[in-house]
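Okay, so here's the structure we're looking at.
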Amino acid sequence: MAKRKSVQDAAPEEESAPRRSSRLRGPAASTARQSRAEVPAAQEKANAAGKEAPASGRSAKKTKSTDEPSAKKQRTASKPADTRPSAQTTTASKPAQNGSTQSGDGSRQYWLLKAEPETRLENGVDVRFSIDDLAAKTEPEPWDGIRSYAARNHLRAMKKGDLAFFYHSNCKEPGIVGTMEIVREHSPDLSAHDPKAPYYDPSSKPEDPKWSVVHVQFRSKFAVPIGLKELRALGDAPGKPLASMQLLKQSRLSVSKVSAEEWAFLNRLAEEKARKAQA
């Protein structure tokens, strides 16, 4: 059913510290070049202290601190980091690969999608689609017919598990009438390639599709809709709960973002209106 609807860097490999030369220089080198006659005396003195004097003409071995690990231990400790990725990196990459139901930071996104509940012909086809039509569906419904780049980009940004308001548009009483869930992420809108479809677009090619759909499922119908006039009154001044709502800022956009605060506020408002209607 066509609807009218008005997008880690791997950490650089750690470089090993440059090796320091163990060759003696300056006065130490002069001392090492003792005469052949002085070497035995130096050796006797060193042996008396329990140490071996350096051979003539060679550099002395560097003395390691007792708390410094051996070179062999250092090579062993660094081997795992060099040969396999860390568990943290592997885990972080999984959500992007398996189609996570939520966005990368674990938060759910919220949206508002418009459809026309009253009869209107487009290319000889009635594009009417209401919240009741969605509720009657037994399979996920493709939200097709989007021919605005800004709205299409919102569709492509949606993730499985996101929630959206269903908004009745281009009718006597426009407003938010219920909620739905995004159950399948974006795919090409095949109706754009059908000459008999209401929103056929000859510039979109099957091998290079221009437009997208998401699939949605019904979640709730509000007992009392939240009308456009009421929405405007809640956002007509700074500091009001809907002052920044995209629906009110870009009224012709058929797919718009909803903040988490706006989503919570509007659902509380719908519950309050339902209780008042029952009283």
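Here are some notes:
- Condition check for Pro198: in a loop (DSSP other than H, G, I, E, B), surrounded by fewer than 16 Cβ atoms within 10 Å (Cβ to Cβ) and not basic (Lys, Arg): no
- A Cβ distance below 6 Å, combined with a sequence gap of six or more or placement on separate chains, defines the contacts here; from segment 207-224, residues that are among the hydroxyl-bearing types (Ser, Thr, Tyr) reach residues that are crowded, with 21+ Cβ neighbours inside 10 Å and assigned to a loop (DSSP other than H, G, I, E, B) in the pairs Ser212/Asp189.
- Boolean, Ser256 is among the small types (Gly, Ala, Ser) and under 25 Å from the mean Cα position of the chain (by Cα): yes
- Scan of segment 247-264 for residues that are of a type outside the set (D, E, K, R) and either surrounded by 18 or more Cβ atoms within 10 Å (Cβ to Cβ) or over 23 Å from Ala151 (Cα atoms) (or both), ordered by number: Leu247, Leu253, Ser254, Val255, Ser256, Val258, Trp263
- Members of segment 170-202 that are in contact with a helix residue (DSSP H, G or I) (Cβ under 9 Å, 6 or more places away or on another chain) and polar (S, T, N, Q): Thr179
- Long-range neighbours under 8 Å by Cβ, at least six apart or interchain, first residue over 15 Å from Asn170 (Cβ atoms) within segment 120-135, second among the hydroxyl-bearing types (Ser, Thr, Tyr): Asn123/Tyr199; Asn123/Tyr200
Residue by residue, here is whether (1) under 25 Å from Ile226 (Cβ atoms); (2) assigned to a helix (DSSP H, G or I) holds:
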position	(1), (2)
Glu118	yes, no
Phe129	yes, no
Thr138	no, no
Asp144	no, no
Arg152	no, yes
Lys160	no, no
Ala164	yes, no
Tyr167	yes, no
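- In segment 229-246, residue surrounded by the most Cβ atoms within 10 Å (Cβ to Cβ) [restricted to those that are in a helix (DSSP H, G or I) and among the aliphatic types (A, V, I, L, M)]: Leu231
- Number of the condition not met by Phe222 [criteria: (1) surrounded by fewer than 19 Cβ atoms within 10 Å (Cβ to Cβ); (2) under 21 Å from Glu272 (Cα atoms)]: (1)
- Residues satisfying the stated conditions in segment 201-228, i.e. aliphatic (A, V, I, L, M) and part of a strand (DSSP E or B): Val213, Val214, Val216, Ala223, Val224, Ile226
- Out of Leu155, Leu134, one residue alone is over 21 Å from Ala270 (Cα atoms), modelled with pLDDT of 95 or more, touching a strand residue (DSSP E or B) at 6+ places or on another chain (Cβ under 6 Å) and not small (Gly, Ala, Ser). It is Leu155.
The values are calculated or read from the model by the stated rules, or taken from the named source; none is laboratory data. Owing to the predicted nature of the structure, the values given are computational and were not obtained by experimental measurement. Cβ coordinates were reconstructed from backbone atoms using ideal geometry, including for glycine residues, and neighbour counts include every protein chain displayed.
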